[in-house]
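What follows is a short report on a single structure.
The values are calculated or read from the model by the stated rules, or taken from the named source; none is laboratory data. This structure is a prediction, so every number in the text was calculated from the model and none was measured. Note: ideal-geometry Cβ built from the backbone for every residue, glycine included; neighbour counts use all protein chains shown. Please note that ligands, DNA and RNA were not included when accessible areas were found on the heavy atoms of the full protein model with its side chains. Shrake-Rupley method; radii C 1.70, N 1.55, O 1.52, S 1.80 Å.
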Amino acid sequence: MSGAQTSDKGHEGYVGIVLVSHSGPVAESVAQLAVGLAGGGVKAPVAAAGGTPDGGLGTSAELITEAARKVDGGAGVAVLVDLGSAVLTVKALLAEGDELPGGTRLVDAPFVEGAVAAVVTASTGADLDAVAAAAADAYSYRKE
């Protein structure tokens, strides 16, 4: 699995963030970017779950599950994804009901901007609803 970007210590009570990409390096890079742009006050745990276990392109239920369990501090887990089959994989895991920690939510948000918003918001101690809303709000960020 791709490594967590923040310490596993002291994340109880913070919403965890899992970033799922078809590429391990992309997931890791977005996690590093989100943590870096959030500044020194990042308290929420962030994990990248990219690619397949052998390092190939694709999505892995195993890596997603492992990442979600790693960042689960009891306040919920927000999962952001890049492309279609990542969405389907997370939805299938959620439908199974026992693979992901309780309170895990697939968040409909742009991958990069949503990740930054989610990490910043989660690090304030906000609840899962607020983290999901902040990430989804990133759809409204205009670049013109």
Q) Which residues, taken from region 35-62, are among the β-branched types (Val, Ile, Thr) and in a loop (DSSP other than H, G, I, E, B)? A) Val42, Thr52, Thr59
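Every residue in region 99-119 that is over 21 Å from Gln32 (Cα atoms), under 11 Å from the mean Cα position of the chain (by Cα) and crowded, with 23+ Cβ neighbours inside 10 Å, please. Working first, answer last.
As a first pass, look at region 99-119 and keep what is over 21 Å from Gln32 (Cα atoms): 99-105.
Checking which are under 11 Å from the mean Cα position of the chain (by Cα) leaves us with 104-105.
Thr104 - this is the single residue of region 99-119 that is over 21 Å from Gln32 (Cα atoms), under 11 Å from the mean Cα position of the chain (by Cα) and crowded, with 23+ Cβ neighbours inside 10 Å.
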Q.
So, in region 10-24, how many residues would count as being open to solvent by 50 Å² or more (accessible area, probe 1.4 Å) and either part of a strand (DSSP E or B) or in contact with a Ser or Thr (Cβ under 7 Å, 6 or more places away or on another chain) (or both)?
A. 0
Q. Restricted to region 1-20, and to residues that are in contact with an Asp or Glu (Cβ under 9 Å, 6 or more places away or on another chain) and polar (S, T, N, Q), which residue is modelled with the highest pLDDT?
A. Gln5
(Q) Take Arg142 and tell me if it is at negative phi, open to solvent by 50 Å² or more (accessible area, probe 1.4 Å) and in a strand (DSSP E or B). (A) no
(Q) Could you tell me how many of the residues in region 43-78 are closer than 12 Å to Ile17 by Cα, hydrophobic (A, V, I, L, M, F, W, C), open to solvent by less than 30 Å² (accessible area, probe 1.4 Å) and touching a Gly at 6+ places or on another chain (Cβ under 9 Å)? (A) 10
Q: Of the numbered conditions (1) open to solvent by less than 70 Å² (accessible area, probe 1.4 Å); (2) over 15 Å from Leu128 (Cβ atoms), Glu96 fails exactly one; give the number of that condition.
A: (1)
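In region 87-134, how many are part of a helix (DSSP H, G or I) and not aromatic (Phe, Trp, Tyr)?
Filtering region 87-134 for residues part of a helix (DSSP H, G or I) gives 87-96, 111-123, 128-134.
With the extra rule that they be not aromatic (Phe, Trp, Tyr), the set shrinks to 87-96, 112-123, 128-134.
So the answer is 29.
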**Q.** Lone unmet requirement of (1) aliphatic (A, V, I, L, M); (2) open to solvent by 30 Å² or more (accessible area, probe 1.4 Å); (3) out of contact with any helix residue (DSSP H, G or I) (no Cβ under 8 Å at 6 or more places or on another chain) for Leu37
**A.** (3)
Q | Ala27 being part of a strand (DSSP E or B), at pLDDT 95 or above and open to solvent by less than 50 Å² (accessible area, probe 1.4 Å) | A | no
**Q.** Tabulated pairs, region 120-143, first more than 16 Å from Ala34 (Cα to Cα) and of a type in the set (Gly, Ala, Ser), second at pLDDT 95 or above and buried (at least 17 other Cβ atoms within 10 Å of the Cβ), C-beta under 8 angstrom, 6+ apart or interchain
**A.** Gly125/Tyr14; Ala126/Val15; Ala126/Ala134; Ala130/Thr121
